[in-house]
1. Give me the number: length gained by fully extending residue 169 to residue 95, i.e. 0.36 nm times residue separation minus the C-alpha to C-alpha distance, one decimal in nm.
2. Averaging over every viewing direction, what projected area does the convex hull of the Cα atoms of segment 110-216 cover, in nm²?
3. How much length is gained if the chain between residue 123 and residue 191 is pulled fully straight, taking 0.36 nm per residue apart and subtracting their Cα-Cα distance, in nm to one decimal?
4. With a point put 7 Å past each Cα toward its Cβ, work out how far residue 111 is from residue 87 in nm, to one decimal.
């Protein structure tokens with residue numbers, strides 16, 4: 001019996017005491033929110049250095065068209081030339097002083113753009129004629145081609161031939177077998193008033209008419 005009592009005492013001292021009971025949460029208490037994933041620590045961006053590439057601002061857009069009143073010909077005597085028109089008459093620029101003159105260069109007879117331009121001058125001819133202006137078209141086409149072009153579209157103005165581009169060169173008009181479409185407006189005093197280095201064939205006749213019409 002003594003041995004049983006000693007063994008029982010040793011077993012009781014070796015076993016841990018039971019943990020105290022966890023108190024129940026009070027009624028209506030919010031349930032604990034499980035911890036969410038932690039946000040990664042904020043890392044400061046490295047400071048820009050002088051060697052780091054930086055975006056440059058876009059250059060301002062520039063106009064493709066040069067203002068006509070800044071053209072070197074404006075304000076100077078119109079370069080003189082003499083040529084034969086499709087009707088056999090002689091066109092001499094210097095001899096036309098006292099009248100406004102419009103010299104318009106175009107690429108080729110009977111092509112769509114050139115036909116539109118010529119016909120727009122034709123359709124505005126009544127008003128253009130009132131200004132007393134002489135209108136002269138210039139291309140590399142021969143006189144026979146000009147005659148047919150005039151007859152086909154009933155053009156009431158003169159066309160002259162410039163097969164080698166010599167007239168174009170006097171007016172700084174590019175020529176590579178054909179003329180670039182450009183127009184020069186010459187005042188009654190014989191000086192160049194305006195130069196069109198870019199031409200919209202749908203609007204050009206009215207622009208030229210405005211140039212020739214007296215200011216209101």
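We did not get these values from a lab; they are worked out from the coordinates using the rules stated. Predicted model, so just to flag it, every value in this text is computed and none were measured. Reconstructed Cβ throughout: ideal geometry from the backbone, glycine too, with neighbour counts over all protein chains shown.
1. Here the segment from residue 169 to residue 95 would lengthen by 24.6 nm.
2. 6.8 nm²
3. That pair, residue 123 and residue 191, stretches by 21.8 nm at full extension.
4. Label-label distance for residue 111 and residue 87, simple model: 2.6 nm.
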